[in-house]
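Here is the structure we will look at.
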Amino acid sequence: MNAPTSIASLRTTRIDRGLRAPSSRAGLAAALLLTGVLAGCGDRPADPPAAAAVSAKAATAPADPNVVAAPPSLAERLELGRVERRPVTEPLSVVGRIDFDEQSVARIGASVTGRITDLAGALGQSVRAGQVLAQLHSTELGGAQLAYLKANAQYELASKAVERARLLLAADVIGSAELQRRENELQVAVVERRAAADQLRVMGMKPEAIDQTNRTGSITSTSPVVSTVNGVIVERRVNKGQVVQPADVMFVVADLSRVWVVAQVPESQIGRVSPGQAVTVEVTSQSEPLRGRVAWIADTVNPETRTVTVRTEVDNAQRALKPAMLANVSIEPAAVERLVVPASAVVRESNLDHVFVRAADGRYRLTRVTLADESGGLRIVQAGLKGGEEIVAQGGFHLNNERKRAELEGS
């Protein structure tokens, strides 16, 4: 009974093995095929063009656009120089104005109170010292002349009284006390006459006019107003028929052959200015600048503008400079040592200052710098260079064009 069962079981087992064997062989073949594919992929070379591009890109570094090599034809035309320290002056530029020379300006008025009867001086007229500018009618002047005549008559009377007293004393008619009294009266008369004459001189009467009044006894109420300096009438503040006082300014006369240039220097810069320094003055109406020197520096600071007044005197024989004109004033302080480069070495690029610095391999690097204004063909270095570098002093413009060309060809 057991044998059939065993034979059946064995037959079933064989059948199962036969069915599974092909499956195992197929899996093995698939595994072998996959292994071959993977092995083939590992050994297969990369695409030659792509690999070459990657290698070339990795091997070639990007060129610096600021570095340029000068061709032999251009290198012969370049001039090199060193960045070094030199004594230079840094002009101090400020705004100024033309003004009168106050030492040559006269403000002329009346010596007495009176009414203007005639005006001879006109605005802009050239006058000389002693020239009559106006005539006044003054009752005050007439009264002062009358007082002088009375004082003079009193003097004459006292003088004659002393002479008679001396004769009477000699004749023993009067005593010495009477003579002394009359001599005292004479001294008072002398003082009063002198005071009256001084009053007339204060009112503008000349000594010869006073002597004429004394001789003739005539009184005049006319008082002339005369110029006290040679110059030009720059102001006339009165009209005919106007009543003026001694404190009133009727005319302003100025000598314009020499004028002042007044500038306002910031208090932070005033330490750079000292008397005697050269000054250049430029006005829009003049094609050529004027030269002068610092004549005076104020001792105080304007609290509103925080500036100090500096004055220069310049000649104005042609009267081309007019008071109140604006001017550009450049003050040249003493020279100091600064790091400088030639102005010809500067290359403008992107609206900035640059210079070409020579590198160790003979090429040139465009280097940005910060420079001050030009002074005597030099530019003061404020940043970008340390000193001692070798730079292109002449020909930087052409070298920059070569740099731009190389940059375009390489792009």
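Only one residue in Val105, Val95, Val83 is loosely packed, with under 14 Cβ neighbours inside 10 Å, within 35 Å of the chain's Cα centre (by Cα) and in contact (Cβ under 8 Å) with a residue 60 or more places away in the chain, so which one is that?
Working: Val105 fails: loosely packed, with under 14 Cβ neighbours inside 10 Å; Val83 fails: loosely packed, with under 14 Cβ neighbours inside 10 Å.
Within the list Val105, Val95, Val83, the selection yields Val95.
Which residue is farthest from Asp99 (Cα to Cα), if the candidates are limited to region 266-288 and must be within 14 Å of the chain's Cα centre (by Cα) and in a loop (DSSP other than H, G, I, E, B)?
The initial filter retains those residues of region 266-288 that are within 14 Å of the chain's Cα centre (by Cα), namely 266-270, 272-273, 278-283.
Still in the list and also in a loop (DSSP other than H, G, I, E, B): 267-269, 273, 283.
Values: Glu267: 22, Ser268: 25, Gln269: 23, Val273: 20, Val283: 13 Å.
Restricting to residues being within 14 Å of the chain's Cα centre (by Cα) and in a loop (DSSP other than H, G, I, E, B), the top hit is Ser268.
Filter region 193-240 down to residues that are of a type in the set (Ser, Thr, Tyr) and buried (at least 18 other Cβ atoms within 10 Å of the Cβ) and give me whichever is farthest from Ala129 (Cα to Cα). So that I can check it myself, show each step before the final result.
So in region 193-240, the residues of a type in the set (Ser, Thr, Tyr) come out as 213, 216, 218, 220-223, 227-228.
Applying the additional criterion that residues be buried (at least 18 other Cβ atoms within 10 Å of the Cβ) yields 213, 223, 227.
Numbers: Thr213: 24, Ser223: 17, Ser227: 5 Å.
So the residue we want is Thr213.
Can you name the residue in region 220-257 that is of a type in the set (D, E, K, R) and in contact with a strand residue (DSSP E or B) (Cβ under 6 Å, 6 or more places away or on another chain) and is also nearest to Gln318 (Cα to Cα) among such residues?
Here is the first cut: in region 220-257, the ones of a type in the set (D, E, K, R) are 235-237, 240, 248, 255.
Applying the additional criterion that residues be in contact with a strand residue (DSSP E or B) (Cβ under 6 Å, 6 or more places away or on another chain) yields 235-236, 240, 255.
Working: Glu235: 20, Arg236: 23, Lys240: 32, Asp255: 12 Å.
Ranking the candidates gives Asp255 first.
Output the qualifying pairs, or none if there are none: Cβ atoms under 7 angstrom, residues six or more apart or on different chains, first residue in region 325-344 and over 26 Å from Ala393 (Cβ atoms), second residue among the acidic types (Asp, Glu) and not in a loop (DSSP other than H, G, I, E, B).
So the pair list comes out as Ala327/Glu282; Asn328/Glu282.
Take residues that are under 21 Å from Leu74 (Cα atoms) and touching a strand residue (DSSP E or B) at 6+ places or on another chain (Cβ under 9 Å) and tell me which of the strands (runs of 3 or more DSSP E) falling wholly in region 342-411 contain 3 or more. Can you show your working first?
Numbers: elements: 347-349, 352-358, 364-368, 370-375, 378-383, 390-394.
Hits in region 342-411: 347-349, 352-358, 364-368, 390-394.
For region 295-316, indicate whether the set of residues that are surrounded by 12 or more Cβ atoms within 10 Å (Cβ to Cβ), at pLDDT below 90 and among the charged types (D, E, K, R) is non-empty.
So in region 295-316, the residues surrounded by 12 or more Cβ atoms within 10 Å (Cβ to Cβ) come out as 295-298, 301-302, 307-316.
Pick out the ones that are also at pLDDT below 90 and you get none.
No; the residues of region 295-316 include none that is surrounded by 12 or more Cβ atoms within 10 Å (Cβ to Cβ), at pLDDT below 90 and among the charged types (D, E, K, R).
Only residues that are outside any strand (DSSP E or B) and under 24 Å from Leu200 (Cα atoms): list them for region 241-265, please. Outline the logic, then answer.
Pass one, region 241-265, residues outside any strand (DSSP E or B): 241-242, 245-250, 255-257.
Selection gives Gly241, Gln242, Gln245, Pro246, Ala247, Asp248, Val249, Met250.
The values are calculated or read from the model by the stated rules, or taken from the named source; none is laboratory data. Every value quoted in this text rests on a predicted model; they were computed, and no experiment measured them. As a convention, Cβ positions derive from the backbone with ideal geometry for all residues, glycine included, and neighbour counts pool all protein chains shown.
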